[in-house]
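Undergrad: I'd like to ask you about the structure that follows.
The values are calculated or read from the model by the stated rules, or taken from the named source; none is laboratory data. Nothing here was measured: the structure is a model prediction, and the numbers come from that model. Neighbour counts run over all protein chains shown; Cβ positions are idealised from the backbone, glycine included.
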Amino acid sequence: MGLAQFFTILEYVCSQTDTYFAKVDKDYTSQICPNCGIHTGKKELDVRVHKCPECGYEQDRDVAASLVIKQRGLAQTAVGAPVVKQPSNGDLTGTLV
């Protein structure tokens, strides 16, 4: 199963269980400080700790990136992004509500 198919199935399951699902922009998540929002610049892959030069926030790089993704997802709900509701008959052609 490919990643796109996984997300299609995940989106369907979330819609059937009233669980929020949204795709967010993955770009630059390891370059943004989740604490203050400043762009900290590109890091080499061997740099495993996020250290913000602006606010001093330190965190494991992957954890910091996941916090940025979470913030982006929560921001989408705050602005009333459309929610995809899948039909209950198993058809994967959902409609916006």
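Undergrad: Tally the residues that are farther than 12 Å from residue 26 by Cα and not β-branched (Val, Ile, Thr), restricting the search to region 54-73.
TA: Total meeting the criteria: 10.
Undergrad: Further question on the same structure: Using the structure shown, decide if residue 30 is touching a His at 6+ places or on another chain (Cβ under 9 Å), at pLDDT 90 or above and surrounded by 16 or more Cβ atoms within 10 Å (Cβ to Cβ).
TA: In short, yes.
Undergrad: Hey, another quick one. Contact list please: Cβ distance under 8 Å, first residue in region 27-42 and without any contact (Cβ under 8 Å) to a residue 60 or more places away in the chain, second residue in a loop (DSSP other than H, G, I, E, B) and aliphatic (A, V, I, L, M), pairs at least six apart or on different chains.
TA: Partner pairs satisfying both residue conditions: 32/38.
Undergrad: Same structure again: Name every residue in region 1-40 that is of a type outside the set (A, V, I, L, M, F, W, C), in a loop (DSSP other than H, G, I, E, B) and farther than 19 Å from residue 71 by Cβ, in order of residue number. Even if it seems obvious, please write down each step before you answer.
TA: Looking only at region 1-40, we keep the residues that are of a type outside the set (A, V, I, L, M, F, W, C), and these are 2, 5, 8, 11-12, 15-20, 23, 25-31, 34-35, 37, 39-40.
Next, from what is left, pick out any that are in a loop (DSSP other than H, G, I, E, B): 2, 17-20, 23, 25-31, 34-35, 37, 40.
Of everything in region 1-40, those that are of a type outside the set (A, V, I, L, M, F, W, C), in a loop (DSSP other than H, G, I, E, B) and farther than 19 Å from residue 71 by Cβ turn out to be 2, 17, 18.
Undergrad: Here is a follow-up. If you take the residues of region 42-97 that are in a loop (DSSP other than H, G, I, E, B), within 30 Å of residue 13 (Cβ to Cβ) and hydrophobic (A, V, I, L, M, F, W, C), which of them is modelled with the highest pLDDT? Before the answer, list the steps.
TA: First, the residues of region 42-97 that are in a loop (DSSP other than H, G, I, E, B): 42-48, 52-57, 79-83, 86-94, 97.
Filter once more, keeping what is within 30 Å of residue 13 (Cβ to Cβ): 79-83, 86-94, 97.
Then drop every residue that is not hydrophobic (A, V, I, L, M, F, W, C), which leaves 79, 81, 83, 92, 97.
Values: 79: 57, 81: 50, 83: 51, 92: 47, 97: 40.
Residue satisfying both the conditions and the ranking: 79.
Undergrad: For region 1-27, name all the residues that are small (Gly, Ala, Ser) and either in contact with a strand residue (DSSP E or B) (Cβ under 7 Å, 6 or more places away or on another chain) or surrounded by 14 or more Cβ atoms within 10 Å (Cβ to Cβ) (or both).
TA: Of all residues in region 1-27, those small (Gly, Ala, Ser) come to 2, 4, 15, 22.
Of everything in region 1-27, those that are small (Gly, Ala, Ser) and either in contact with a strand residue (DSSP E or B) (Cβ under 7 Å, 6 or more places away or on another chain) or surrounded by 14 or more Cβ atoms within 10 Å (Cβ to Cβ) (or both) turn out to be 15, 22.
Undergrad: Report, by residue number, each residue of region 9-65 that is touching a Cys at 6+ places or on another chain (Cβ under 8 Å), of a type in the set (Ser, Thr, Tyr) and under 17 Å from residue 76 (Cα atoms).
TA: Matches in region 9-65: 20 only.
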